[in-house]
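Read through the structure below, which is laid out as structure tokens, and then see the notes.
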Amino acid sequence: KADDLIDSSNGANDVPAGPDATLPLISVKEVGFSVSNGWLHYAVILHNNSDDTAVYLPQFRVTSRNASGDLLGVETMVLSGIYPNQDVVWASQAGEASEIPASVDIDIVEPESYNLMPPGNMEYPDLIPLEVQGATVKKGTFPTLIGEVYNPNKYDISMAAIVVVFRDKDGKLMAGCDGYCDGVKAGTKTPFEINLYSELMGETYEVYAMPW
């Protein structure tokens, strides 16, 4: 609702899934956004609907508009990959925001044929999702999130992206923050600490990790 956007500086656009026969390769499950100190922040959950096709370097476009439909800003994001029947959760900043958008839409950029491959051909083949353990928010003037990334795979991962997303009291996706940690060794836990924006923090939070 527009009133909610004005009062809380955040909002969400949920994208319902269509019938199985019409599902795209990658679908958008949830989108949330928030404006803080003149900057637009967003969070998105994507899903790969294929049973056997991974997407290397998937791209999506973040488009914000005002209540009249006028374009406020656009940015394209490239992720490392998305595996069959898996979600990818991402959150970041999407440029300056002179006003609170009425909507923020996520559009998947159609992948090229060379970006489509069996999961065994990916940079990290047949990836078992990374796990975030012991995630804790350290509150204060400059809040941070600490925790550990567990790598259940049999190979090392040179870098992992850490993504934290926030939800309001009704469970609606708001926005989030991202950070990174290096040297995620096979079968071990790697500690991390990332910076948070206190203005974005909601009632609850979820933390995810992916190869980068």
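The values are calculated or read from the model by the stated rules, or taken from the named source; none is laboratory data. Just so it is clear, the structure is predicted and the values come from calculations on it, not from any experiment. Cβ coordinates were reconstructed from backbone atoms using ideal geometry, including for glycine residues, and neighbour counts include every protein chain displayed. Surface areas here come from the heavy atoms of the whole protein model, side chains and all, with no ligands, DNA or RNA. Shrake-Rupley method; radii C 1.70, N 1.55, O 1.52, S 1.80 Å.
Conditions: (1) in a strand (DSSP E or B); (2) in contact with a Pro (Cβ under 8 Å, 6 or more places away or on another chain). Pro125 meets all but one. Number of the miss?
Evaluating Pro125 over (1) in a strand (DSSP E or B); (2) in contact with a Pro (Cβ under 8 Å, 6 or more places away or on another chain) leaves (1) as the failure.
Among the residues of segment 21-39, which ones are among the aliphatic types (A, V, I, L, M) and either at pLDDT below 95 or open to solvent by less than 20 Å² (accessible area, probe 1.4 Å) (or both)?
Ala21, Leu23, Ile26, Val28, Val31, Val35
Can you pull out every residue in segment 190-212 that is part of a strand (DSSP E or B) and without any contact (Cβ under 8 Å) to a residue 60 or more places away in the chain?
Result: Thr190, Pro191, Phe192, Glu193, Ile194, Asn195, Thr204.
Mind telling me which of the residues Gly187, Gly134 ends up being over 17 Å from the mean Cα position of the chain (by Cα), free of Cβ contacts under 8 Å to residues at least 60 places away in the same chain and assigned to a strand (DSSP E or B)?
When all the criteria are applied, what remains is Gly134.
Tell me which residues, restricted to segment 140-166, are part of a strand (DSSP E or B), among the polar types (S, T, N, Q) and surrounded by 16 or more Cβ atoms within 10 Å (Cβ to Cβ).
Thr144
Which members of segment 180-212 meet the condition of being under 18 Å from Gly140 (Cβ atoms) and surrounded by fewer than 17 Cβ atoms within 10 Å (Cβ to Cβ)?
Selection gives Glu193, Asn195, Ser198, Glu199.
Quick check on segment 105-114. Is at least one of its residues out of contact with any Lys or Arg (no Cβ under 9 Å at 6 or more places or on another chain), part of a strand (DSSP E or B) and either under 22 Å from Asn37 (Cα atoms) or hydroxyl-bearing (Ser, Thr, Tyr) (or both)?
There is no residue in segment 105-114 that is out of contact with any Lys or Arg (no Cβ under 9 Å at 6 or more places or on another chain), part of a strand (DSSP E or B) and either under 22 Å from Asn37 (Cα atoms) or hydroxyl-bearing (Ser, Thr, Tyr) (or both).
Which one is most open to solvent (accessible area, probe 1.4 Å) among residues in segment 66-98 that are touching a residue at least 60 places away in the same chain (Cβ under 8 Å) and outside any strand (DSSP E or B)?
Ser98
Condition first: assigned to a strand (DSSP E or B) and surrounded by fewer than 16 Cβ atoms within 10 Å (Cβ to Cβ). Now tell me which residues in segment 40-64 satisfy that.
Arg61, the sole residue that qualifies.
Which members of segment 99-109 meet the condition of being within 16 Å of the chain's Cα centre (by Cα) and either farther than 14 Å from His41 by Cβ or open to solvent by 40 Å² or more (accessible area, probe 1.4 Å) (or both)?
Asp105, Asp107, Ile108, Val109
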